Amino acid sequence: MVQVKIYGVARLKAGVGTFTREASTADELLGMIPNITKKEAKDLVLLVNGKPAGRHTRLKDGDEVVLLAPAGGG
Amino acid sequence: MSSRYGGYMGKVLKINLTTQEVSEYPFSDEERKLYIGGKMMAAKILGDHLKGTESPFSEENLLVITTGPLTGSGAPSSSRFNISTLSPQTGYITSSNCGGHFGYYLKKAGLDALVLTGRCEKPAWIEIQNEKVVFHDAEDIWGMKTSETQAALDDKLRMKNGRVRKNGKICIGPAGENLVLYSCIVSNERVSGRGGTGAVMGWMRLKAVCASGNREVPVHDKEKMVKHTQKWFRYLRKHPLTGNQLPKLGTAGLVSAMQMKHILSTKNYTYGQYDEFEKVSGEELAEKYNIVNKGCLTCPIRCARTVEVDGQQVKGPELETLVLLGSGILNSDLPSILRWNYELDELGMDTISCANTISYAMEANEKGLWDNGLQFSRTEELSRIFEDIAYRRGIGDELALGSRRLSEKYGGKEFAIHAKGMELAAYEPRKAVGLGLGYATSNRGGCHLNGGYLVILEGLGLSIDQTTYHGKADLTMLFQDLMEMISASGQCLFTSYAFFPTPLMNHPNAWYTKMINKVLPYCGAVVRLINKYPEIAHMHLPVFHHTKGFEYTTGMKMKFGDYIRCGERGYNLERQINRRFGVDADRDTLPGRLTRTLQDPKDPKSKVPLEKMKKVYYHARGWDRNGLPTERTLRKLKISSGVPSEVK
């Protein structure tokens, strides 16, 4: 199981901040986000265990995946 | 004196508070063309008076309140006004930009700016209506907190029919009256926060200024401006940052992105991440506490939050407050931050400097340098401490001086997180080193915005290499000058975020975004070319609506290159004034924690390579090795190099 955390406006759209999924690649996982299409999910910044990752990154049990959108202002 | 340019009311008033004498301050169209408005106009006025020997709390200091030509023009986010003075925090020039209504009403009163000098014999407030100035006794409102003051003033402005005359106002709270060095000026719920402008107003014994009137802001080409404004509004509303992230989450929405990029200042900037960040994040604020979004006049971004404290709806915290009173002091209790934010506004204190001073004191106590009872994570007493600061009681009397002065007394300069005496914003710069350069070189001290806000490229909007020094100096200069000019023209700096083309923000994983992220730091030479010869950008950029808006409002020619050049003039003018007060390369510093101690012991690049970047930055700016503008640079920018010989 992979733990997924979503931040920023994507979290408001998903309606959920944290959940778990069974997925072997990031690409597969991107199709499993509530209320967010895979096309939209592809445009989120992806981190796996705190490090920048891409769609083809392989996932293993216990990984933490973070999804967030670019931000600015402050 | 009127103006041939649109956007200006054509009148600046000088008010001597000692003698209550009111006169017109001469400001010519030639000066308007060079110094535009806002902080640049204020710098020109201050530069014509300050010789470098004045003290912030003296009759020789001025409090200059300015608007820009776009203030009240109907352009997006254009209700801004600026307050500049000699800062009691830094001893150098400071400028503090504020939204709300006051700027708009100052122009409705027929004025572009106010130049306040001297000191009232006893507490007073000033009423300005259609250029006419009336002094009022303020003994009955002296001592009031800021919302109580504003409500009392509204009562005084009640007309015969019982209605309150439409007005904009600024006022100070108890902190300003008691000369807390980082006290601010409050306007409705908005705050002119930084640099201690409230203390200068307090020293002047001026409690408040109210402006009202029925003058119209002249617009050079109204028809074109209306069309352009509609297009501009649409663009801002569609942009992912100004139309989605900021309205939905406010500035607080950056907390989680900062955590992911290791730039969330934590425990007095010891770390860049906080384990409990989610509890004090913008998402938590939006989901559980935000009641409604608010915005300034004519602002489509509407970044302000409204929350509930003690049963009443009040302004919610901005990112800076959330972080510095959250992770900064290891506090994960969001309701406490909502309350403190409200209390600090009521007392009239800058939340950034106050929070950083508290976190310095906590660390000094932890390290055994100063037995003050303050501890990280222990926050039960903070409301009382804030009151003690504002009323200068007990330990609060010392905390009112800010972290620089405290570190000079108790030690710990290494972790007194300020630049030129003003505390840094919430972004931890060891993983955003360009912002580190910005903090160090910012004219008003440790400010992210006056510093150029390069963090938007270093992990927030874009994701260029956060720790490389390559390209950062040139980009910092470009962004500093750009923001200088946006501010001077009377607009909110947040409109600049739409400068980043939508596809880059919407598609961070696209090949072209990735390529820009990779290449941008190595484009220093190209950026320098634009910085050095901005005239080559003799065009309006489709993603940058400001230049056309400026042209249509004022009638002045203002292509992108001219815009940058004007900003450069403003930046150098402030530097040149600060030079009289002793600013040079030795003052462009950051505390040792940020330049010598690694944020991540395994990453040798996780500190700010300040000296390396400064060298390139000075060269790019046309400054000498000591960080001072050369005669050639001053000549190019039409800035006088001399000290004022006679007072205007």
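Please treat every number below as a calculation from the coordinates, not as lab data. The structure displayed is predicted, hence computed values, not measured ones. Cβ atoms come from the backbone with ideal geometry, glycine included; neighbour counts cover every protein chain shown.
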Worksheet, complete the sentence: trypsin sites (Lys or Arg not before Pro) in the stretch B:505-574 lying in a DSSP loop, each with at most 14 other Cβ atoms within 10 Å of its Cβ, come to B:557
Practice prompt. Can you tell me how much longer the chain between residue A:3 and residue A:22 gets when fully stretched, taken as 0.36 nm per residue apart minus their C-alpha distance, in nm with one decimal?
Written response: 5.9 nm
Fill in: DSSP H segments from chain B that extend 27 Å or more along their own axis, Cα-based, with Kyte-Doolittle mean of 1.6 or above
none
Practice prompt. With only Lys, Arg, Asp and Glu charged, each at its Cβ (+1 for the first two, -1 for the last two), find how big the charge dipole of the stretch B:1-121 is about the Cα centre; round to the nearest 20 debye.
Written response: 480 debye
Discussion item. Please compute the average number of Cβ atoms from other chains found within 10 Å of each residue's Cβ in peptide B:458-465.
Written reply: 2
Worksheet, complete the sentence: For residue B:288, the aspartates and glutamates lying under 12 Å Cα to Cα, once residues fewer than eight places off in the same chain are dropped, come out as B:308
Worksheet item: Given B:472/B:605; B:557/B:614; B:431/B:532, which pairs have Cα atoms separated by over 22 Å?
Response: B:557/B:614; B:431/B:532
Fill in: Filter on B:248/B:548; B:267/B:367; B:279/B:409; A:42/B:227; B:11/B:44 - keep pairs with C-alpha separation over 24 Å
B:248/B:548; B:279/B:409; A:42/B:227
Practice prompt. Express in whole angstrom the spacing between the alpha-carbon centres of the stretch B:87-153 and the stretch B:549-611.
Written response: 29 Å
Worksheet item: Are there GluC sites (Glu not before Pro) in the stretch B:138-183 that DSSP marks as loop and that have at most 14 other Cβ atoms within 10 Å, and which are they?
Response: B:139
Response to the item:
Expressed in angstrom and rounded, the centroid-to-centroid distance over alpha carbons for the stretch B:483-548 and the stretch B:285-353 is 30 Å
Discussion item. Suppose we keep just the DSSP beta bridges with both residues in the stretch A:2-68; what percent of those would be antiparallel, to 5?
Written reply: 75 percent
Worksheet, complete the sentence: By Cβ neighbour count within 10 Å, fewest first, B:81, B:415 rank B:415, B:81
Worksheet entry | Peptide-level mean, for B:502-512, of C-beta atoms on other protein chains within 10 Å | 3
Practice prompt. Determine, for each peptide in B:494-504, B:443-453, the mean count of other beta carbons within 10 angstrom over its residues, then list the peptides with the highest first.
Written response: B:443-453, B:494-504
